[in-house]
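The values are calculated or read from the model by the stated rules, or taken from the named source; none is laboratory data. Predicted model only: the values in this text are computed from it and were never measured. Here the Cβ positions follow ideal geometry from the backbone for every residue, glycine too, while neighbour counts run over all protein chains shown. Only protein heavy atoms, including side chains, enter the accessible area calculation; ligands, DNA and RNA are left aside. Shrake-Rupley method; radii C 1.70, N 1.55, O 1.52, S 1.80 Å.
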Amino acid sequence: MLSVLIKPVSSDCNLECDYCFYKSTSKENSNISREYMKVETLKNIVKKAFDYSKDGVVFAFQGGEPTLIGLDFFKELIKLQKKYNKRKILVKNSIQTNGYNIDEEFSIFLKEENFLVGLSLDGPKFLHDKYRVNLKENGSFDKAFNTKKIFDKDFVEYNILSVITKETAKNARELYKFYKDNDINFVQTIPCLDKGFKQSGEEKYSLTPDEYEEFLKVFFDLWYIDYKKGDFMSVRLFENICAMLLGMKPESCELMGFCSIQNVIEANGDIYPCDFYVSDDKRIGNINEISFKDVPKLKSSIKFIDIKEPLDKCKECKYGPLCKGGCKRYRDENTLEYYYCSTFKNFYDYTIDRFIEICKDIIKREKNR
């Protein structure tokens, strides 16, 4: 399937999160458009996506805050999909939002059009409001949590995305309890990035390898206890680890062990290989001028994909097949050392037997079906 990650408002956002990397990187990119995506560009994305893909298309929307472009833009998306999907292939729509703009009308639309929604919510109010503030520097928890309530009422399919900072790592139990107390059953946790992608641990929110390790261990213990009780919560990282132990490919990009073209499309139609690499030197082309079949053949794409990192240490590590050296953005540009190498070595030492136990349970259940 073809996947496209569309940024209809580029880095524009109604929040001013301290740990946001996209606003700062977009300011350094001379090609980034300050205007919102035009319908003509959206039309070219949709038409060319269906012209190219034989199996299906995933349209994902991100920002900045993509809902700033307004509901009519997404209604137009659905019209265009119906018009150009002449072969009736599979279509999936998703959106990542901070929830600040969502009202009842928007929520019902997301439900009726079967959008999978990622809602950014960093846990209870004291954690969420620490760094996720609006343009007046007021906390955004109340707005985000109210959106969760609207989604629950309207039966919108959503998961919660939480950024793990220094404060979150110290409060893993509180975060887990928040999820359980509020019937949050699908979660994704991601470690924050320092400014400029330089993992130095010097920012006020910075997450050190030791802090992340402790967070993962505590969070896993709580998750495992609930799993044994039959009270299961879907945690993306843990499910990907189980999938790999069962011989399946992970769906999480950072666990693939290689980079691929993610077709990140900015508001002006410019295409980039990855959300972490929206920079002048990584620009592939513009969707208004080229087609998706051109993308893999262009030099900038080939150069991005063909980067081979000398991760000899990873090949020798017993957990290399699971960790794969991590996401390239969490590696030192000079030494290529993975910032969270010790984190995951110690985490796997601590959890691997229980992961294997869970996988054996899965196999046993499948055999008995």
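Data overview
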| quantity | calculated |
| --- | --- |
| Tally of residues being among the small types (Gly, Ala, Ser) and free of Cβ contacts under 8 Å to residues at least 12 places away in the same chain across the stretch 203-243 | 2 |
| Filter result for residue 234 (modelled with pLDDT under 95, under 19 Å from residue 161 (Cβ atoms) and among the hydroxyl-bearing types (Ser, Thr, Tyr)) | no |
| Total residues in the stretch 192-219, condition within 27 Å of residue 151 (Cβ to Cβ) and either at pLDDT 95 or above or among the basic types (Lys, Arg) (or both) | 2 |
| Set 151, 186: member being touching a helix residue (DSSP H, G or I) at 6+ places or on another chain (Cβ under 7 Å) and either hydrophobic (A, V, I, L, M, F, W, C) or touching a residue at least 40 places away in the same chain (Cβ under 8 Å) (or both) | 151 |
| Test: residue in the stretch 346-363 that is out of contact with any His (no Cβ under 9 Å at 6 or more places or on another chain) and under 12 Å from residue 209 (Cβ atoms) | yes |
| Residue in the stretch 317-332 that is at pLDDT below 80, open to solvent by 50 Å² or more (accessible area, probe 1.4 Å) and not small (Gly, Ala, Ser) present | yes |
| Pick from the stretch 289-312, criterion without any contact (Cβ under 8 Å) to a residue 24 or more places away in the chain and not in a loop (DSSP other than H, G, I, E, B), ranking: nearest to residue 57 (Cα to Cα) | 297 |
| Enumeration of residues in the stretch 221-243 that are under 18 Å from residue 183 (Cβ atoms), open to solvent by less than 40 Å² (accessible area, probe 1.4 Å) and of a type outside the set (Val, Ile, Thr) | 222, 223, 226, 227, 233, 234 |
| Subset of the stretch 244-288 (residues that are open to solvent by 30 Å² or more (accessible area, probe 1.4 Å), free of Cβ contacts under 8 Å to residues at least 40 places away in the same chain and among the aliphatic types (A, V, I, L, M)) | 248 |
| Which numbered condition residue 213 misses (of (1) more than 24 Å from residue 5 (Cβ to Cβ); (2) open to solvent by 40 Å² or more (accessible area, probe 1.4 Å)) | (2) |
| Close pairs from the stretch 98-127: first under 22 Å from residue 166 (Cα atoms) and of a type in the set (A, V, I, L, M), partner open to solvent by less than 10 Å² (accessible area, probe 1.4 Å) and modelled with pLDDT of 95 or more, Cβ under 6 Å, at least 6 apart | 119/99; 119/160; 121/144; 121/160; 127/168 |
| Complete set of residues in the stretch 173-204 that are closer than 29 Å to residue 336 by Cα and either over 17 Å from the mean Cα position of the chain (by Cα) or acidic (Asp, Glu) (or both) | 194, 195, 196, 198, 199, 200, 201, 202, 203, 204 |
| Residues of the stretch 320-339 classified as closer than 17 Å to residue 195 by Cα and of a type in the set (A, V, I, L, M, F, W, C), total | 1 |
| Residue check for residue 218: open to solvent by less than 80 Å² (accessible area, probe 1.4 Å) and outside any helix (DSSP H, G or I) | no |
| Criterion (under 25 Å from the mean Cα position of the chain (by Cα) and modelled with pLDDT under 90) met by exactly one of 341, 314 | 314 |
| Cβ-Cβ under 7 Å pairs, at least 6 apart or on other chains, the stretch 59-74 side under 15 Å from residue 93 (Cβ atoms), far side charged (D, E, K, R) and open to solvent by 30 Å² or more (accessible area, probe 1.4 Å) | 71/105 |
| Residue check for residue 271: closer than 22 Å to residue 8 by Cα and in a strand (DSSP E or B) | yes |
| Which numbered condition residue 56 misses (of (1) open to solvent by less than 10 Å² (accessible area, probe 1.4 Å); (2) modelled with pLDDT of 95 or more; (3) under 20 Å from residue 272 (Cβ atoms)) | (3) |
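Residue by residue, here is whether (1) in contact with a strand residue (DSSP E or B) (Cβ under 7 Å, 6 or more places away or on another chain); (2) within 25 Å of residue 104 (Cβ to Cβ) holds:
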site: 42; (1), (2): no, yes
site: 46; (1), (2): no, no
site: 51; (1), (2): no, no
site: 54; (1), (2): no, no
site: 57; (1), (2): yes, no
site: 70; (1), (2): no, yes
site: 78; (1), (2): no, yes
site: 81; (1), (2): yes, yes
